[in-house]
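A short write-up of the structure that comes next.
Every number here is computed from the coordinates shown, using simple stated rules; none is lab data. On a predicted model such as this, the values are computed, not experimentally measured, just so you know. We place every Cβ from the backbone using ideal geometry, glycine too, and count neighbours over all the protein chains shown.
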Amino acid sequence: MSVYLVGGPVRDLILGRATTDLDLTVAGDAVGYAKALAAHLGAQLTIHAQFGTATLMLGDGLRLDVATARRERYLHPAALPKVFPGTIEDDLFRRDFTVNAMAVRVAPRGEELLDPFDGLKDLSGGFLRVLHAESYRDDPTRIFRGARYAARYRLRFSSRDRQLIRGVLAESVLRRLSTERLFREVKLVLGEPTPEAALKVLQDRGVLRTLDPALAVGNSAVAQMRRVRHAWQRLDRLEMSSSPRRWRVYLLVFLCSISPTVRRRVGEHLGVKGPPLDALIAELRAFRFLQTQLQKQSLRSSRLRHLLDGASTDLRMLLWTSGVKRVRDRVERYLTHLAAVKPALTGRDLTRFGFPPGPKYRRMLDRLLQERLEGRLNSREDEVAFLRRHFGRPR
Ligand code: ATP
Ligand code: MG
C-alpha cells in the first residue's frame, strides 16, 4: 500500500503557501489507513464508506482528507463521471490542471515527487494547462476552477487552453451544467480572496457573456469589491461581527451593477433561483431606497438608526462601500455608535416606578431611545425626569 500527498497541498507546498486542507490518496485500503492514522494521531474521524474516503480533523482547523486512488470515465459531457479504483497515475490523470496533478509519496519512504504532466514547470512558468483536450468538455466547472487559480496564484491559461475554452463555450457546454453545480462554482469564485480578479478572468475568457449577454464586471463593481474587502479588514480590527457568507455580499455588489430590468434573469443564469434569488432582488431594491434616504441633506439619528436596524448585515455592507461619502459616514456612525445606543431604564424599572405592565412599555422605551439618539437624554436621571414630564411618574 502506498500513500501520497496530492493536488492542492503539493502545489501550495511548492509555492510556499499555507494550507489547512491536506489531501492524501491511498493506492489500497484508504478507509483502513484513515482509521489507523486517526487512532495514531488521536484525531476525530468521519468515514464516507460509499466513496471510500474519510476525513480527519487534526485541530487548529487542519483537515486531512483520505481517498482511494481512482480512475474516472466521463460518459457524457458535463455529467458526473463513473468512478473505478485505480493507480496513483490514474488518480493524477483525472485531475484538472497540471499544477494540481502532482503527488508526493509519504509512505512507504517519503519525498519522491510524482509529476507526470510537468506541473512543476507550469507552476514556475505561470501556466494553467489541462491534461487532455477533452478536459473542459468532460467537466466545464474546470473553467471556473481555472479562473480561481489564475486569480489566486497569478497564473494564466495557456494559449491552447484558451482555444479549448472557446471551443466548449461555442458548443454551449455550460448549459448542460445543472444550476446547482453552476451556482456552487459561482459561490467558490466569489469566495476567493480577490473575487473581482477571478471574475475578470471569466470575463476575458468569454464565460460571463456566454452565461448571459448582460453579465459583465465593470470598473465600479471591481472598485466596490475592493472597498468591501477593506471594510472587512477594518471590521476585524474593530472586532465587530462580519458576514460569514462573504460570497453573498460580492454577489450583491455584482448584481447591483447590472440593470434592474435584467437582474432576475442574470441571477438565474448564475444558478440562483427560488427564495434565495427573491431575497437578493428584494435586498437590491431596498438598497436603492436606503441609498436615497442616506444621501439626504438632513437625517435624524433616530431615523438613521431605524433605517439601518431594518437592513441586513449584507445590505449595510453594500451601503457602507457604495462609494458615496455621505452614505459611508452615516453607516459608520451607525456601526460605531448609534447601533449600540439604548435607554438606561428597562421594563423592570418601569414596573418599579409603578407603571402598569402592558404594550405602553414598548412605546415608553421607544420614546426614551429616540430622545437618547437625538442627544436630548444623556443619563439615567435625564430619563427619569423625562418620564416624569411626559408620563406623570415616578413621583
Ligand atoms: P483549494 O485550495 O481551492 O482547495 P485544491 O487544489 O485543493 O484547491 P479542491 O477543490 O480542494 O482544490 O480539489 C482537490 C484536488 O482535486 C485538486 O487539486 C484537483 O487535483 C482535484 N479536483 C478537484 N475538482 C476537480 C475537477 N472538477 N476536475 C478535476 N480535478 C479536480
Ligand atoms: Mg482543497
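When you filter the trypsin sites (Lys or Arg not before Pro) in the range 282-388 for DSSP loop state and at most 11 other Cβ atoms inside 10 Å of their Cβ, you are left with LYS296, ARG300, ARG376. From the square roots a ≥ b ≥ c of the eigenvalues of the alpha-carbon gyration tensor of the range 1-103, which class results: rounded (a/c under 1.5), prolate (a/b over b/c), or oblate? Oblate, since a/c reaches 1.5 and b/c is not below a/b. Simple point charges give the picture: +1 on the Cβ of Lys and Arg, -1 on the Cβ of Asp and Glu, and for the chain a dipole about the Cα centre of about 2460 debye.
For the chain, the residue among VAL186, ALA67, GLY42 whose Cα projects farthest onto the positive side of the dipole built from Cβ charges is VAL186.
Once you order the gyration tensor axes a ≥ b ≥ c over the Cα atoms, which shape class does the range 347-391 get: rounded for a/c under 1.5, otherwise prolate or oblate by comparing a/b with b/c? Prolate.
Restricting the trypsin sites (Lys or Arg not before Pro) of the range 131-228 to loop positions (DSSP other than H, G, I, E, B) with no more than 12 neighbouring Cβ atoms within 10 Å leaves ARG154. Here r is the Cβ-Cβ distance between HIS76 and PHE51 and R0 is 22 Å; the resulting FRET efficiency, rounded to 0.05, is 0.60. What shape does the range 75-124 take by its C-alpha gyration tensor, where a ≥ b ≥ c are the square roots of the eigenvalues and a/c under 1.5 counts as rounded, a/b above b/c as prolate, and the rest as oblate? Judged from the Cα gyration tensor, the range 75-124 comes out oblate (a/c at least 1.5, b/c at or above a/b). Note on LEU41 and TYR361: the model spin-label points, each 7 Å out from Cα along the C-beta direction, lie 5.3 nm apart.
Expressed per residue, the C-alpha convex hull volume of the chain stands at 192 Å³.
Extending 7 Å from Cα along the Cβ direction at LEU120 and again at LEU15 yields two label points whose distance is 1.8 nm. Of the trypsin sites (Lys or Arg not before Pro) found in the range 5-110, those that fall in a DSSP loop while having at most 13 other beta-carbon atoms within 10 Å are ARG17, ARG109. Considering only VAL341, LEU177, SER379, and ranking their Cα positions along the charge dipole of the chain that arises from unit charges at the beta-carbon of Lys, Arg, Asp and Glu, the one farthest toward the positive end is SER379. Based on the reciprocal of the average 1/r between different C-alpha atoms, the Kirkwood radius for the range 222-375 equals 17.4 Å. Restricting the calculation to alpha carbons of the range 310-380 gives Rg and Dmax of 16.0, 50 angstrom.
FRET efficiency for the ASP60 to GLU180 pair, using the beta carbon distance and R₀ = 35 Å, is estimated at 0.65.
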